[in-house]
Amino acid sequence: MISKQDILNASILIVDDQPSNVLLLGEMLSDASYSNVTTTNDPFEVFALHQKNNYELILLDLQMPGMDGFEVMENLKEIETDDYLPVIAITAEPGHKLRALKAGAKDFISKPFDLVEIKTRIHNMLEVRLLYKQLKDHNQILEQTVQERTAELKTSEERFRRLTELSSDWYWEQDKDGKFFNIYGPVLEMLGILTDEKGTAQVSHDNIWDADERQILEANIAARKPFLDFVYSRTNPDGSRRYLMVSGEPMFDPTGRFTGYRGTGKDVTDAMIAKNKSGD
């Protein structure tokens, strides 16, 4: 929220080639307790002043010698790249009002001055301007935060992927329909799995799985249960035995809806053969 004090502390620039107008507006703002007011009679100074001080409001006379207010606004657009000119145009020409608004001014003040009208327009303009800047600053902070969190997440994912690669032969994810995605390593080859055109997994008939072991694994998956270091085997087409150790956990969205499985796996054939031999 914008407080009354925020508005009274806002930076204001008065631009008018007539010293009497500058004096009148300055005194009016001072009497209204505005504390940060700068003035100039030279329109050529406006660009540099605004570039340095980034005023919340510029009271700009449109009819000035050498450079009129319309030219000043065109120059200011180089600074206000988001096309928001914090300008209230001052004019005695009714025909200039619409032109000023089309040129980028946000409001106008008519000559001769109505001090009550001026105070109201300035207050309203400053409130809108400060809210605009507050929203812009908030969006920039939000965007920066999102970028930082995204970078952190990416780093975390890369670290997780690297640790997974070092600790296992493969990493896999399946959606709720059994479709594989986010596969790292020779998952399908190691499991002897074929996929159809849609990516749905199908066990190859060239591989004979141990039925009891397979039943246990499928029962865990059907029950949405995690499993750790589960070892099961299959017979390859050449008659050799292959042992695989897998770990997996179900995935759920924030509402608790099941979305699939993810896990890791290793080929532990050599270790199992050695274990079986030692048991003999």
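One table, with the values for the structure above:
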item: Residue match in the stretch 44-51 (condition: loosely packed, with under 15 Cβ neighbours inside 10 Å and under 25 Å from Leu135 (Cα atoms)); result: yes
item: Lone qualifier among Glu158, Glu148 - being in a helix (DSSP H, G or I), of a type in the set (Asp, Glu), modelled with pLDDT of 75 or more and not assigned by TED's automatic domain parsing to the domain that holds Val87; result: Glu148
item: Residue ID - nearest to Leu57 (Cα to Cα), chosen from residues in the stretch 108-120 that are in a helix (DSSP H, G or I) and out of contact with any helix residue (DSSP H, G or I) (no Cβ under 8 Å at 6 or more places or on another chain); result: Thr120
item: Of all residues making up the stretch 52-76, the number that are within 30 Å of the chain's Cα centre (by Cα) and either loosely packed, with under 15 Cβ neighbours inside 10 Å or not assigned by TED's automatic domain parsing to the domain that holds Lys119 (or both); result: 3
item: Residue within the stretch 234-246 that is under 38 Å from the mean Cα position of the chain (by Cα), surrounded by 11 or more Cβ atoms within 10 Å (Cβ to Cβ) and modelled with pLDDT of 70 or more present; result: yes
item: Among the residues listed as Tyr261, Tyr232, Tyr243, the single one being within 16 Å of Trp172 (Cα to Cα) and among the aromatic types (Phe, Trp, Tyr); result: Tyr261
item: Positions within the stretch 2-30 being under 35 Å from the mean Cα position of the chain (by Cα), surrounded by fewer than 18 Cβ atoms within 10 Å (Cβ to Cβ) and assigned to a loop (DSSP other than H, G, I, E, B), in sequence order; result: Ile2, Ser3, Asn9
item: Check on His96, under 21 Å from Leu29 (Cβ atoms), surrounded by 13 or more Cβ atoms within 10 Å (Cβ to Cβ) and not aliphatic (A, V, I, L, M); result: no
item: Sole residue being within 32 Å of the chain's Cα centre (by Cα), at pLDDT 90 or above and either of a type outside the set (Lys, Arg) or not in a helix (DSSP H, G or I) (or both), chosen from Ala89, Ala105, Ala48; result: Ala105
item: Among residues of the stretch 268-278, those that are within 17 Å of Trp170 (Cα to Cα) and either crowded, with 17+ Cβ neighbours inside 10 Å or not assigned by TED's automatic domain parsing to the domain that holds Phe180 (or both), counted; result: 1
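Conditions tested, residue by residue: (1) modelled with pLDDT under 80; (2) on the phi > 0 side of the Ramachandran plot; (3) outside any helix (DSSP H, G or I); (4) surrounded by fewer than 16 Cβ atoms within 10 Å (Cβ to Cβ).
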position	(1), (2), (3), (4)
Glu173	no, no, yes, no
Asp177	no, no, yes, yes
Leu188	yes, no, no, no
Lys198	yes, no, yes, yes
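The values are calculated or read from the model by the stated rules, or taken from the named source; none is laboratory data. Just so it is clear, the structure is predicted and the values come from calculations on it, not from any experiment. As a convention, Cβ positions derive from the backbone with ideal geometry for all residues, glycine included, and neighbour counts pool all protein chains shown.
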